[in-house]
1. Would you confirm whether any residue within the stretch 250-263 is away from the ligand (no atom under 16 Å from the Cβ) and either modelled with pLDDT under 95 or within 20 Å of residue 77 (Cα to Cα) (or both)?
2. Residue 225: more than 10 Å from the ligand (Cβ to nearest atom) and crowded, with 22+ Cβ neighbours inside 10 Å, yes or no?
3. In contact (Cβ under 8 Å) with a residue 40 or more places away in the chain, surrounded by fewer than 21 Cβ atoms within 10 Å (Cβ to Cβ) and more than 16 Å from the ligand (Cβ to nearest atom): which single residue out of 90, 145 fits that description?
4. Can you tell which of 378, 317 is farther than 17 Å from residue 5 by Cβ, crowded, with 17+ Cβ neighbours inside 10 Å and free of Cβ contacts under 8 Å to residues at least 24 places away in the same chain?
5. What single numbered condition from (1) within 18 Å of residue 213 (Cα to Cα); (2) in contact (Cβ under 8 Å) with a residue 12 or more places away in the chain; (3) away from the ligand (no atom under 16 Å from the Cβ) fails to hold for residue 112?
6. Find the residue count for the stretch 390-417, including only residues that are closer than 18 Å to residue 26 by Cβ and surrounded by fewer than 22 Cβ atoms within 10 Å (Cβ to Cβ).
7. Quickly run through the stretch 391-415 and pick out the residues that are touching a helix residue (DSSP H, G or I) at 6+ places or on another chain (Cβ under 6 Å) and at pLDDT 95 or above.
8. When residue 131 is evaluated against the numbered criteria (1) farther than 14 Å from residue 182 by Cβ; (2) away from the ligand (no atom under 16 Å from the Cβ); (3) buried (at least 17 other Cβ atoms within 10 Å of the Cβ), which criterion, by number, is the only one it fails?
Ligand SMILES: *Cc1c(COP(=O)(O)O)cnc(C)c1O
């Protein structure tokens, strides 16, 4: 019998982990001659070994074929974005024509709001969370101003109502009911980046729609982390990036979802030639005819070098499958939580909800004693090659990633914090 939460327990869990071989598919930064203890997939996922191959192939094709590269082979550039479409649809639980890889997250948020935030006098309010990621807030504010409305009255930011700084489902329901007829858009995160709280997307979409509002999601911290059923959630649109849990590299091409019920609608949009119906795109006519589905929101021919690593990453998700990743993630983060409670309760407080349905892999930690002590611990961890990240004012985010982290990594993290604290 292995003693629960012992070192042996970690060894046993790793040995029984059906996903353990995926770790070998990633490149780890070094601390001395060892791999870093890397818990920062919430910010930048590790490089899949396959990324270099696809980038190199693209460079070779460009060198050897130049313009012909648009038209040759299964990976021709003309249709390259379609190579990632089906696996991406599987990752977010959508139909293939509901997703597209394009641009970056904030750019996609703006493009989606051009189509889906259509304020009129009397119905001009955007509801979001207080403490939203700054880029999202800037996007929302600037869109409200762009339409000639005033963020002071038309951007409603729901404050956390729970002691840890999280937001209860009841508070969301109350806010949507309170502002109901004035709501043009509810824009909500799948997972709050600072607290790690996950939200019930289908329920938020249902409540928003019942009030006649459009509902969109920012899934930056949810994609590749939770089993999303985007289509079934009923969301009108969603946006996300691919450099966090999707491991597609710094500034990777981002993702966008448009629900199929808007596939052939004549919503206003900012158009570009790559969104034009692909069968007639090269007739180069003056009239824009959108491709049906999310692809109709594309502007430009995509950066192939930026899409190449995403291909490699999505192949791993297809092999591992999200249900299996989520199963491991629940156990891996649960292991971290249980060890913190058993051995570090005098040092660390967990901000992230204890209910596994209300979180992904990330635990947000505050250090007992306040911000300065928190910084001290964080700096110590970095100095010993244990990488999480710091979010002002006082949160350390630790995200054990089921694709490449081991139970033993979590165990080592606990030992590092103990070494800092002193026994
Ligand atoms: C990471 C993140 C972003 C980053 O935006 P980019 O446009 O990719 O630079 C935006 N919003 C949220 C919620 C994020 O977590």
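The values are calculated or read from the model by the stated rules, or taken from the named source; none is laboratory data. Here the structure is a predicted model, which means the values were calculated and not measured. Methodologically, a virtual Cβ is constructed for each residue, glycine included, from the backbone with ideal geometry; neighbour enumeration extends over all protein chains shown.
1. We begin by selecting, within the stretch 250-263, every residue away from the ligand (no atom under 16 Å from the Cβ); these are 258-263.
Right, trim to either modelled with pLDDT under 95 or within 20 Å of residue 77 (Cα to Cα) (or both) and you get 263.
Within the stretch 250-263 (the criterion being away from the ligand (no atom under 16 Å from the Cβ) and either modelled with pLDDT under 95 or within 20 Å of residue 77 (Cα to Cα) (or both)), the answer is yes, since at least one residue qualifies.
2. Details: more than 10 Å from the ligand (Cβ to nearest atom): yes; crowded, with 22+ Cβ neighbours inside 10 Å: yes.
Against the criterion (more than 10 Å from the ligand (Cβ to nearest atom) and crowded, with 22+ Cβ neighbours inside 10 Å), residue 225 qualifies.
3. Values: 145 fails: in contact (Cβ under 8 Å) with a residue 40 or more places away in the chain.
After applying the criteria, what remains is 90.
4. Working: 317 fails: free of Cβ contacts under 8 Å to residues at least 24 places away in the same chain.
That would be 378, the only listed residue that is farther than 17 Å from residue 5 by Cβ, crowded, with 17+ Cβ neighbours inside 10 Å and free of Cβ contacts under 8 Å to residues at least 24 places away in the same chain.
5. Going through (1) within 18 Å of residue 213 (Cα to Cα); (2) in contact (Cβ under 8 Å) with a residue 12 or more places away in the chain; (3) away from the ligand (no atom under 16 Å from the Cβ) one by one, residue 112 breaks only (3).
6. Final tally of qualifying residues: 3.
7. 396, 400, 402, 403, 404, 406, 407, 408, 410, 411, 414
8. Condition (2) is where residue 131 drops out.
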